[in-house]
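**Student:** Sharing a structure with you now.
What follows is calculated from the coordinates using simple rules that are stated; it is not laboratory data. Owing to the predicted nature of the structure, the values given are computational and were not obtained by experimental measurement. Every residue, glycine as well, gets a Cβ built from its backbone with ideal geometry; the counts of neighbours run over all protein chains shown.
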Amino acid sequence: MKLSQHPDPASLLSYSSGGLSTPFSILISAHISLCNTCSEKVKLYNEIGGVLIEDTADADLSQDALNKFMNAIVHESDDRLPTDSKNVDIQQQNNNTEIPFPLYKYIGSSIEKIKWRYLAPGIKRVSILMEGEKNAYLSLLHIGPGKKIPEHTHTGEEMTFVISGSFQDKTGVYNIGDLADHDEEIEHQPTVIGKHPCVCIVATEGPMIFKSFFANLFQSFYRI
């Protein structure tokens, strides 16, 4: 199985530099545990950052030079990666378990052992406590086949990592191991596709903003 949806390069750069909040870092860790392409990018960013620190330890780096460096990394192309960089088979990487190792600490190692809470018809959720995080949240969702999350936008960044099943929105189709990386400008309606439920873990910087009045009213009670 090959992964087709990846974090934005800017998100990978922030992850590499330690600039992401914990919930978002957790999701990228899960993705790169399955994706050699993104793993190699993070290694590249770390190596470049290390060289930059060494070269500038005794000198001031101009803002213009820093901007050029950041722009070059964010827009670098895949042909800078090793030619043998390939996505690994998800089942092999995870030793035949459903949940990637970086998520074990937060949700355990088996979907069957998760104690879900009813959210809406066909939708269950578990909120994951993030100590010390005031403006970033992590939730686990179980969404039935054909079910939709009402059309919405966001109050900040949103990342969604697919553990099982598939969903689609206006930006594409997301399968196991894929990561959706959206900002506050996107307006979308994620819909589960296929015959199986979709289990995904979502990091957000704030509550969703729904187009529907009733969905927003529901959100005010259940904070999704």
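**Student:** With each label point set 7 Å from Cα along the Cα-Cβ vector, what nm distance links T153 and A10?
**Tutor:** Between T153 and A10, the label points sit 1.6 nm apart.
**Student:** Distance in nm between label sites at E133 and K115, each 7 Å beyond Cα in the beta-carbon direction?
**Tutor:** Inter-label distance under the simple model: 2.1 nm.
**Student:** Once you've got the Cα coordinates, tell me which of K43/K105; K41/K147; K41/K105; K115/K147; K105/K147; K170/K195 are over 32 Å apart.
**Tutor:** K41/K147
**Student:** Classify the range 109-185: rounded, prolate or oblate, from the alpha-carbon gyration tensor (a ≥ b ≥ c, eigenvalue square roots; a/c under 1.5 rounded; otherwise prolate if a/b is larger than b/c)?
**Tutor:** Values: a/c = 1.43, a/b = 1.03, b/c = 1.39.
Note, shape of the range 109-185 comes out rounded.
**Student:** Kindly put M208, M130, M159 in sequence by how many other C-beta atoms sit within 10 Å of each C-beta, fewest to most.
**Tutor:** So the ranking, lowest neighbour count to highest, is M130, M208, M159.
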